[in-house]
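Undergrad: Before I ask anything, let me first share the structure, which is written out below as structure tokens.
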Amino acid sequence: MAPKRAAGFLIYRLIHDEIQYLLMKASYGSFHWTPPKGHVDPGESDYETALRETREEAGYTENDLIIYKELSKTLNYHVKGKPKVVVYWLAQLRDVNKNPTLSDEHTDFKFLNKKETISLSGYKDFANMVEELDVEIKKIHKFSN
């Protein structure tokens, strides 16, 4: 069975040298918190999906983001016993004051530091991705620590 594919962006903003990640609370299922993402439609690339889903779920367009196409992570896991593959690209929010516009798929959003993001998501593979991309963000912005 081919796994279901999904794609999205791990969106962050910098506020006074603090890295804050965007998580959105699903309005269905276990009301889990994730970055904007969604299923790949037939004929659509993973990257096109990430752009479309981010626009639909958060109201952010490509112009709102600095997208690091070379920095992506692929997560493989199972949902209800079925394999799923999710590709995330790292993206920085250009305007730190621009909050997402939620669709009916989400009821809330938060910008959180790394520790809070990992804690709220609750998934080990997601936590590992955030840890790895946090290191890359610090390189990009030349953080001393």
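The values are calculated or read from the model by the stated rules, or taken from the named source; none is laboratory data. Owing to the predicted nature of the structure, the values given are computational and were not obtained by experimental measurement. Virtual Cβ from ideal backbone geometry, glycine too; neighbours counted across all protein chains shown. All accessible areas refer to the heavy atoms of the entire protein, side chains included, with ligands and DNA or RNA removed. Shrake-Rupley method; radii C 1.70, N 1.55, O 1.52, S 1.80 Å.
Undergrad: Identify the residue in the stretch 2-51 that is polar (S, T, N, Q) and part of a strand (DSSP E or B) and, among all such residues, is farthest from the chain's Cα centre (by Cα).
TA: This residue is 20.
Undergrad: Restricting attention to the stretch 46-56, which residues are open to solvent by less than 50 Å² (accessible area, probe 1.4 Å) and over 20 Å from residue 108 (Cβ atoms)?
TA: 46, 47, 49, 50, 51, 52
Undergrad: Can I ask one more? Working only within the stretch 128-145, note down all residues that are farther than 13 Å from residue 91 by Cβ and charged (D, E, K, R).
TA: 131, 132, 134, 138, 139, 142
Undergrad: Which of the residues spanning the stretch 57-94 are buried (at least 20 other Cβ atoms within 10 Å of the Cβ) and not in a strand (DSSP E or B)?
TA: 57, 58, 60
Undergrad: Another question, if that's okay. Residue by residue through the stretch 95-145, note down the ones that are among the hydrophobic types (A, V, I, L, M, F, W, C), farther than 20 Å from residue 26 by Cβ and open to solvent by less than 70 Å² (accessible area, probe 1.4 Å).
TA: Those that are among the hydrophobic types (A, V, I, L, M, F, W, C), farther than 20 Å from residue 26 by Cβ and open to solvent by less than 70 Å² (accessible area, probe 1.4 Å): 96, 133, 137, 140, 143.
Undergrad: Among the residues of the stretch 25-40, is there at least one that is touching a residue at least 12 places away in the same chain (Cβ under 8 Å), surrounded by fewer than 19 Cβ atoms within 10 Å (Cβ to Cβ) and closer than 17 Å to residue 133 by Cβ?
TA: no
Undergrad: Could you run through the stretch 105-123 and say how many residues are charged (D, E, K, R), in a helix (DSSP H, G or I) and in contact with a helix residue (DSSP H, G or I) (Cβ under 9 Å, 6 or more places away or on another chain)?
TA: Kept after step one, since they are charged (D, E, K, R), are these residues of the stretch 105-123: 105, 108, 110, 114-116.
Next, only the ones that are in a helix (DSSP H, G or I) stay: 114-116.
Keeping just the survivors that are in contact with a helix residue (DSSP H, G or I) (Cβ under 9 Å, 6 or more places away or on another chain) gives 114.
Count: 1.
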